[in-house]
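See structure below.
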């Protein structure tokens, strides 16, 4: 089964992607400015057909793309992933009009998308969002459901978004944002609506954040930003489902990104310990070194298999996708941190020099343990799903 043994065509494609990343994407990435959207790189991803593939293939295909690109060019991997993350809600839940307006540009790499969920005080607890969508003048509400927009005589309709978003990748340089806002106060996860918000909407502003990771991350401020029913993705008050559907797809692929980095660090370590002279022989001849390399390989392969299994479960519509996705992201990101750290240790001081592959990976590998749900959140999801299954089984057995 594909979760444990890739088909020959998939293995070939993975190799081709690694070559493309090294030969065509790496040079463009090197010309980019840290902290800013590299539009030339995004456009090349579109020209290669990789961005359009985000919307025509499944989770396993996405994982293979992210793992392969990450092996040779983490910037290209991240640019591809952010296009997918920002536009997947539109692709899966948008109207025909919305998709026709925005998706062609996303696929071509000429339109930059962003996923705006996190807030200064609501990161991992997405149900605690406070960005508020208040009805515009003339809007009406039908208790106890969400506020329903209705045009007023002066032309006002829909909602006004007020509040902040923070830690948003591609902000403030994206062309549109998938924004999650509270439409029903006090309703928790059931009172959130997803909106497609173009970057040029009046009242929307942003600022970049100086982060450890080189890709762009920023904060957004919403000062009564107008949105209407035509901007809703999915249904009012059901935006949390849109967010979770997106995260269930992308969490395993975050694991794939991590596996790609781990594999790159492992490959570099095998080459280094083979060529490095130490204590009258090669570094790899030392048992303590060889055993560390073996452990790095073991953990990387275990993480890869779990990522593939989670992606295959998503593609097959399995009921335990949230648990599998959480396990895959957790194991793979923690593994990548371990493998890159061990690689740095075995390379010594040279790996700490600015511009070295491992210095770059060391900066890149830390963030995936935090974004799209920190490791602690993933453990919470796993435990919750385990106990839910236990309780359901117990009830059905009548015990």
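Observations, loosely collected:
- Among the residues listed as 219, 224, the single one being under 23 Å from residue 366 (Cβ atoms), touching a strand residue (DSSP E or B) at 6+ places or on another chain (Cβ under 9 Å), surrounded by fewer than 24 Cβ atoms within 10 Å (Cβ to Cβ) and modelled with pLDDT of 95 or more: 219
- Within the stretch 360-399, the set of residues being more than 22 Å from the chain's Cα centre (by Cα) and over 21 Å from residue 324 (Cα atoms) comprises 394, 395, 396, 397, 398, 399.
- Pair list, Cβ < 6 Å and 6+ apart or interchain, from the stretch 344-366 residues that are assigned by TED's automatic domain parsing to the domain that holds residue 282 to residues that are part of a helix (DSSP H, G or I) and loosely packed, with under 12 Cβ neighbours inside 10 Å: none
- The stretch 49-74: number of residues that are closer than 15 Å to residue 262 by Cβ and over 15 Å from the mean Cα position of the chain (by Cα): 3
- Test: residue in the stretch 32-53 that is at pLDDT below 95 and surrounded by 21 or more Cβ atoms within 10 Å (Cβ to Cβ): no
- Residue within the stretch 64-83 that is touching a helix residue (DSSP H, G or I) at 6+ places or on another chain (Cβ under 9 Å) and surrounded by fewer than 16 Cβ atoms within 10 Å (Cβ to Cβ) present: no
- Residues considered: 68, 57. Of these, the only one that is more than 19 Å from residue 116 (Cα to Cα) and modelled with pLDDT of 95 or more is 68.
- The stretch 147-187 - residue that is assigned to a strand (DSSP E or B) and modelled with pLDDT under 85 and, of those, surrounded by the fewest Cβ atoms within 10 Å (Cβ to Cβ): 148
- Residues in the stretch 106-117 include at least one that is under 21 Å from residue 246 (Cα atoms) and modelled with pLDDT under 95.
- Candidates 206, 188 - the one that is touching a strand residue (DSSP E or B) at 6+ places or on another chain (Cβ under 6 Å) and in contact (Cβ under 8 Å) with a residue 24 or more places away in the chain: 206
The values are calculated or read from the model by the stated rules, or taken from the named source; none is laboratory data. Treat the numbers as computed from the prediction; the structure is a model and nothing was measured. Positions of Cβ are generated from backbone atoms using ideal geometry, with glycine treated the same way; all protein chains shown enter the neighbour counts.
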